[in-house]
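See below for the structure under consideration.
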Amino acid sequence: MARSATDERIIDLPIELIVGRMRTVGSESNFALRSENPTPTGVWFRVHHGASMASWGEKITVTLTPMGQQTKVHIFSECGMPTQLIDYGKNRKVVNYLFDFIMRPGYGQPAQNQDHAQQQAQPVQQPAAQARFCTACGKPIVPGARFCVGCGKPLQ
């Protein structure tokens, strides 16, 4: 397996809402927001995911580029320890988790915009062969399933 993973998607949400969601990433997960860096073309975030039994942790860069009422989101995750040769799919899981987090309805936005986000928070572009994984046990998620087949955890 690779020591890094990357993905890019067009999200039907304005950049301001996604920035708000990224600012709360540490309050709901084992992620720590390290920095927020505005650029002439958008904004990028540096996020860190803590060490576990499967990994020494991951360094993640999330780049947001506005496209009218849509936002291009690019997420790159790499192993926190440069000498780590195998990541056991952890970087891909981190990338998928962050896209799910960004697209979760109602996060990081004013209450009056929640209905709009529920209608609009869906990826425009996602590879069909790309599997999602359970954040608890790492097993692949069966499309349409409400619970993980590996550990029974309710899926969102």
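We did not get these values from a lab; they are worked out from the coordinates using the rules stated. This is a predicted model, so every value here is computed, not measured. Every residue, glycine among them, receives a Cβ derived from its backbone with ideal geometry; neighbour counts consider all protein chains shown.
Quick notes on this one:
- Proximal charge balance of ARG132 [Cβ under 12 Å; K/R count +1, D/E count -1]: +1
- Cross-link partners for LYS139 among the lysines, with Cα-Cα distance under 19 Å and sequence neighbours closer than 8 places in the same chain left out: LYS90, LYS93, LYS153.
- When peptides 90-101, 64-75, 142-153, 9-20 are sorted by average Cβ neighbour count within 10 Å, with the highest value leading, the order is 90-101, 9-20, 64-75, 142-153.
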